[in-house]
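J.: Take this structure first; my questions come after.
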Amino acid sequence: MKKTTFIILSCLLLIACSEQERKLPVFGTTYIEGNDTVYAAIRPFSFINQDSLVITDETFKNRIYVADFIFLSCPTICPVMTRQLKRVYDAYSDNPHVYFLSHSIDPANDTVARLHAYTRELGIDNTRWFFVTGNRDSIFSIANHSYFATAFADSTAPGGFIHSGVFLLVDTDKHIRGAYDGTNADEADRLIRDIELLLAEEFPTHNSKQN
């Protein structure tokens, strides 16, 4: 009996250690520079958020964040995406290490005032979840070249745009560490779990859901 108990406890400890040691992959292309492996990173950017504040890549210094691409008049997947991302936000609403970044791909219509009204309806903290607008080509470019997502105008598509319904998890080094179907509740749950893993990696001395 004692031997059986010891084996069970040993297995549980191994599983726990394995979970603690598991790290998320780094997405994107890599290259070798000397003896180092260099990973693809989000390029510098500058946009305007729902409070008319400039949001840049430096806004996310020493923080992890989740990014997506939407537009407010979207008649298809965007409302579902925002509901799912709000669930993720709610799971970490008290954690200052986790930010959120939603890019509007329709800046002509998604004005600062409209974004501000929308975020008030969502009931979010505007200092941690940014809805940004800016030059449309710049937004398309960062979607396609930094986040490996899709965003472009198409007059034949519902709402006039085609875009990815993906959530991207970005670490403190601006590397993409996960991609998730923003229309799928199970994928949103997986994102919540992966944020926990990334927090443990990036901020090992902090309780991820309470600090």
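Every number in this text was worked out from the coordinates using simple rules, so none of it is lab data. Just so it is clear, the structure is predicted and the values come from calculations on it, not from any experiment. Backbone-built Cβ (ideal geometry, glycine too); neighbour counts: all protein chains shown.
J.: Using Cβ contacts closer than 10 Å as the measure, can you line up R87, R177 from fewest to most?
T.: Ordered from fewest to most neighbouring Cβ atoms within 10 Å, R87, R177 come out as R87, R177.
J.: Can you tell me the dipole magnitude for the chain around its Cα centre, using point charges on the Cβ only (Lys, Arg +1; Asp, Glu -1), in Debye to the nearest 20?
T.: The dipole magnitude comes to about 460 debye.
J.: So what are the ³J(HN,Hα) numbers for the range 178-183, from phi and the Karplus equation (6.51, -1.76, 1.60; θ = phi - 60°), rounded to whole Hz, Gly and Pro as x?
T.: These are the phi-based 3J(HN,Hα) values: x, 9, 9, 5, x, 9 Hz.
J.: Order by neighbour count: D90, D171, D137, fewest other Cβ atoms within 10 Å first, most last.
T.: Least crowded to most crowded, the residues run D137, D90, D171.
J.: Compute the angle between helix 185-202 and the longest alpha-carbon principal axis of the chain, please, reported from 0 to 90 degrees and rounded to the nearest 10.
T.: 70 degrees
J.: What percent antiparallel are the DSSP beta bridges of the range 2-202, to the nearest 5?
T.: 65 percent
J.: May I pose another question? Once label points are set 7 Å from the Cα along Cα→Cβ at both S155 and D36, what is their separation, rounded to one decimal in nm?
T.: 4.8 nm
J.: Does anyone have the angle between helix 78-91 and the longest principal axis of the chain? Alpha-carbon axes, 0 to 90°, nearest 10?
T.: So the helix axis and the longest Cα principal axis differ by about 40 degrees.
J.: Also, quick follow-up: Would you mind ranking E58, E196, E201 so that the residue whose beta carbon has the fewest other beta carbons within 10 Å leads the list?
T.: Ordered by Cβ neighbours within 10 Å, fewest first: E58, E196, E201.
J.: Mind checking the angle between helix 2-21 and the chain's longest principal axis? C-alpha axes, 0 to 90 degrees, to the nearest 10.
T.: 30 degrees
J.: Just check the chain against the gyration tensor rule for me: Cα atoms, a ≥ b ≥ c as the square roots of the eigenvalues, rounded for a/c under 1.5, and otherwise prolate or oblate depending on whether a/b exceeds b/c.
T.: Prolate, because a/c is 1.5 or more and a/b exceeds b/c.
J.: Of all DSSP beta bridges located in the range 37-115, what percent are antiparallel, nearest 5?
T.: 30 percent
J.: Tell me which residues come under 5 Å, amide H to amide H, from T150 once H is placed; ignore anything under 5 positions away on its chain.
T.: Under 5 Å from the amide H of T150 lie the amide H atoms of S164, each far enough along the sequence or on another chain.
J.: Collect residues whose amide H, placed 1.01 Å from N in the peptide plane, falls under 5 Å from the amide H of Y99; neighbours closer than 5 in sequence don't count.
T.: Placed amide hydrogens put I64, Y65, V66 under 5 Å from Y99.
J.: Using a Förster radius of 30 Å, what is the FRET efficiency between I162 and E196 based on their Cβ-Cβ separation? Nearest 0.05, please.
T.: 0.40
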